[in-house]
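Reviewing the structure listed below.
The values are calculated or read from the model by the stated rules, or taken from the named source; none is laboratory data. All values derive from a computational prediction rather than experimental measurement. Note that each Cβ is placed from the backbone with ideal geometry, even for glycine, and that neighbours are counted across all protein chains shown.
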Amino acid sequence: MKIAKKLLSVVIALVMIMTVTVCASADSNFPQAPANEANLVIGTVNILQAGDVTVPVNLNKNPGIYALNLQIKYDSNLTFKSISVPTAMANYVGLTNSVENNVITVLLESVNNNQTSGVSNFNATGTLLNIVFTSTYTKDSEYPVQFTKVDRKSVVNDQVQDITDSLTYCDGGVNCASVVAPAKPVISSVAYSAKNKITVAWKAAAGATSYEVYRGTTKVATVTGLSYIDTYKKAATLKYKVVAKNEAGAAASVEKSIKTMDFTAKATIKGTPAKKAMTIKITKTVKNCTGYEYKISLKKSMSSAKTKYTNKTSFKFTGLKSKKVYYARVRAYKTIAGKKVYSAYKVVKLKKTK
């Protein structure tokens, strides 16, 4: 049998309108093509800032297509830059394209095809094309991506089959019935990372594309990573939660709290003299500290001072000189990463020892 090289085309109109963040796509988001037909889908696209963005066009369930003619319409917020075939996509004659009025026409043709058996050298699954655009980035604007009027032709047992259907890409919620909301994130730790700084860390939530961090009822950040450093000022019990989000919905973590210390606070003290001794008592404490540093000295500069660290609110210094005026200071501290970080303090003149 003489095998003639025929050009079969599959015309796919992809109306592409894109945004700062275009919702993610999974193959399960689309109606399934019959078993003997190709399924072409756009992969995940996220535009977070101005610059180049690559839009992958994936081929699944190859039924024997050996040539493609695609028409792609794109939004004016994007500028077409280039188009390429991945190196893993072997055995193709070449790629030609033309651009006019925001419409790209692409012709891709493979070699060594057997039309009778429907065998093609296009990959049965994987990335078929990578289309590169330059994004101008418009803050707080949405440009959904859509598939419309998909016309496909394939060769099976030397027969040409035509299929026409209409598919709509997930546009941020309206057409996302098959997109699953993310799982609930789990906060792994809420802890000090530095003075007046609390690091909230969590485990990745399946399906999440971003995370919102709340302190109480106030949203303090939106991030794509798995941690956030929050800055506070006063002593309080701070409650944090993390909300995982994607185009289909949101899921919140269980709230987790931490008691914070005011590093500007000063403990107030009084001294009770005894024979060659002095008891220093804290009359006003510093909330949520790890402990206190007590110092006593004959000099206001606190040089050559005796020092004691304790979490108790009083301490008795012994072995002092009799009938001497002493100076004292007490400051609170918080242990952060194994180191003491101190609050403010003032030096207090005490009565003479006995």
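Quick rundown of the values:
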| quantity | calculated |
| --- | --- |
| Residues (aliphatic (A, V, I, L, M) and modelled with pLDDT under 95) located in segment 183-203 | ALA183 |
| Residue that is closer than 30 Å to LYS203 by Cβ, at pLDDT 95 or above and surrounded by fewer than 14 Cβ atoms within 10 Å (Cβ to Cβ), where the choices are LYS284, LYS312, LYS259 | LYS259 |
| Residues located in segment 336-354, provided they are over 12 Å from ILE296 (Cβ atoms) and in contact with a Gly (Cβ under 8 Å, 6 or more places away or on another chain) | LYS351 |
| Meets criteria (surrounded by 18 or more Cβ atoms within 10 Å (Cβ to Cβ) and either in the same structural domain as SER193 (by TED's automatic domain parsing) or hydroxyl-bearing (Ser, Thr, Tyr) (or both)) for LYS241 | yes |
| Condition met for TYR232 (under 27 Å from ALA344 (Cβ atoms), buried (at least 18 other Cβ atoms within 10 Å of the Cβ) and not aliphatic (A, V, I, L, M)) | no |
| Residues satisfying the stated conditions in segment 298-340, i.e. among the hydrophobic types (A, V, I, L, M, F, W, C) and not in a strand (DSSP E or B) | LEU298, MET302, ALA305, LEU320, ALA337 |
| Segment 199-229 - residue that is of a type in the set (A, V, I, L, M, F, W, C) and assigned to a strand (DSSP E or B) and, of those, surrounded by the most Cβ atoms within 10 Å (Cβ to Cβ) | VAL200 |
| Residue pairs meeting the criteria (Cβ under 9 Å; at least 6 apart or on separate chains; first under 13 Å from ALA191 (Cα atoms), in segment 232-243; second among the aromatic types (Phe, Trp, Tyr)) | LEU238/TYR232; LYS239/TYR214; TYR240/TYR214; TYR240/TYR228 |
| Test set (1) among the charged types (D, E, K, R); (2) touching a Ser or Thr at 6+ places or on another chain (Cβ under 6 Å); (3) not in a strand (DSSP E or B) - LYS295 fails condition number | (3) |
